[in-house]
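The values are calculated or read from the model by the stated rules, or taken from the named source; none is laboratory data. What you are looking at is a predicted structure, and each value in this text was computed from that prediction instead of being measured. Backbone-built Cβ (ideal geometry, glycine too); neighbour counts: all protein chains shown. When the accessible area is computed, the model is the full protein with side chains, heavy atoms only, and any ligands, DNA or RNA have been set aside. Shrake-Rupley method; radii C 1.70, N 1.55, O 1.52, S 1.80 Å.
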Amino acid sequence: MVAVTRVAASLPGRRRAELPRSSAAPRVLLGLATVALVFAASGRSLGNFLAVGRFLPRGARGAGSGRISRRAGDGEGVEVAALPMTQADVFQTEVNPITGELDVDSLPQDMGVYAVFDEDQKLQYVGLSRDIRKSVTNHADAIGIQEAGDLISSVRCLAMPSSSKEALKETWERWITEHMDGGGEIPPGNLPESAPGADPRWRSRAGQAKPSLNLAGVRGITTPAEATAAVKKAVESYPVVLFMKGTPVMPQCGFSAKAVGMLREIGAPYETVNVLDEDSNPGVRDAVKQFSNWPTIPQLFVNGKLLGGADIMTEMFESGQLKEAVKNGGTEGGSTASSSSSGAAASVGTVELIEDPGRPVASLLSQTLSDNFKLEMLRIVDDSSQHEGDAGALEMGLTSESHFTVEIVSPEFDGMTPVERQKKVFGALKDVMPRIHALSLVTRTPQEVSR
């Protein structure tokens, strides 16, 4: 199994991005159907791209590549160069340290072409716009405050205020073509929505994002039984449903943001239920926990079955199982771990028991797990300092010992699915969980550790 790490939103203090250089990675080969979909927004046919040598191997293009033929009204027969991305001006974005919002005031308000890079220098989107600053602002709103600062770190802008629509399109095409010729992939924001790795938020405004489900509907939800019935109806009516805190555009916790990111990365269509929306989903936050016998949010259901929370999703994502499970409606929480026939494993770690009056919750966690499991390794990490001021923890009246990461190695997990393992642990911790806001749990067998 792969260890799970929590993803926290990075707002103030992110590092500055350098501009990307040409990659030495092999050229990515794409099917013609994908290429056609990618450039459908330009209004040009695939045949037009192939006719002028687009997406042909390096050196196979004609001498006219990268040129723009003006229309008759602009001076027939006159050609001007479609400028490369390297000649565009570079603008670094800033994150407001108080509000966490992205400051793009330095970007031009002109018509032109622009390319957006994340903090790791990866190209995210190439666009053309009548107002570059307004378009980037719309991208930030659609992506959401938790991720915009990381995904929109620097922007290359080429102002073309007097250019024709054809000139804008040709420049846009050249930028993507040159990026791919340098070994890059099609940017996530320019991929077709159904393609793996696509991020459709780049091509939508915040208000146009797919809405979360309204389980209350017209009749409303007035009792816990009605809330549970609404949860049951939702998981049976939709192939993939994620119960989360917030929405995909604006997640309200790091675990929910991570779950959304993984589903987006594998290109999975899915519905969401915002358990914090008491107008649309009153009582659903508690009802889904009762329905699934699972104490934490988010929860992912596939074909009516609980697949797991953020920790299990992470393990399955990193092993490639998540994409397969969502596509095929796999078994609960991934495949059952296989037993080892080689006998008992060697010592796999240290059982770190905590007995500290100054840390009552951590001590209770330690004692409860020690009493209920044959432990071959136990590690409890208090992550509360990373979540100081967390609204959910404060709502529970927790100012310390609110967030934990727990890693357990026990032979009792042998032959169990990840969901079965975590249910067993959460069952043992039923009297402790009300005192904890968030717990990231990793469960492994001795055989899994020794591999």
Item checked: Residues ASP120 and VAL351, FRET efficiency given R0 of 41 Å [Cβ-Cβ distance, rounded to 0.05] -> 0.65
Notebook entry, point to check: What ³J(HN,Hα) values, in whole Hz, does the Karplus curve 6.51 cos²θ - 1.76 cosθ + 1.60 give for region 349-357 when θ = phi - 60°, with x put for Gly and Pro?
Noted result: x, 10, 8, 9, 7, 10, 9, 9, x
Margin query: I'd like the accessible area for LYS430: 1.4 Å probe, protein heavy atoms, all chains in place, Å² to the nearest 10.
Written below: 130 Å²
Item checked: ³J(HN,Hα), Karplus 6.51/-1.76/1.60, whole Hz, each residue of region 305-311, x for Gly, Pro -> 10, 6, 8, x, x, 4, 5
Margin query: At 1.4 Å probe size, with the rest of the protein present, what percent of the exposed accessible area of region 165-298 is carbon and sulfur atoms?
Written below: 51 percent
Next item on the list: Take the cross-link list LYS169/LYS327; LYS134/LYS258; LYS245/LYS423; LYS289/LYS374; LYS134/LYS323 and give me the ones stretching past 25 Å between alpha-carbons.
Entry: LYS169/LYS327; LYS134/LYS258; LYS289/LYS374; LYS134/LYS323
Checklist line | Sites ASN214 and GLU324, calculated FRET efficiency, Cβ-Cβ separation with R0 25 Å, nearest 0.05 | finding: 0.25
Check: Rounded if a/c is under 1.5, else prolate if a/b beats b/c, else oblate: with a ≥ b ≥ c from the C-alpha gyration tensor eigenvalues square-rooted, which is region 259-308?
Finding: oblate
Notebook entry, point to check: In square angstrom, what is the accessible area per residue of region 219-329 with a 1.4 angstrom probe?
Noted result: 41 Å²
Item checked: Förster radius 60 Å - calculated FRET efficiency between VAL90 and ASP431, Cβ distance, rounded to 0.05 -> 0.60
Notebook entry, point to check: Spin-label point model (7 Å from Cα, Cβ direction): what's the GLU178 to GLU388 distance in nm?
Noted result: 4.6 nm
Next item on the list: Classify region 400-451 as rounded, prolate or oblate from the Cα gyration tensor: take a ≥ b ≥ c as the square roots of its eigenvalues, call it rounded if a/c is under 1.5, otherwise prolate when a/b beats b/c and oblate if not.
Entry: prolate
Item checked: Inter-label distance for ASP103 and LYS232, nm, one decimal - labels placed 7 Å from Cα along Cα-to-Cβ -> 5.4 nm
Margin query: Can you return the aspartates and glutamates within cross-link range of LYS210? Criterion is Cα-Cα under 12 Å, with same-chain partners fewer than 8 residues away left out.
Written below: GLU271
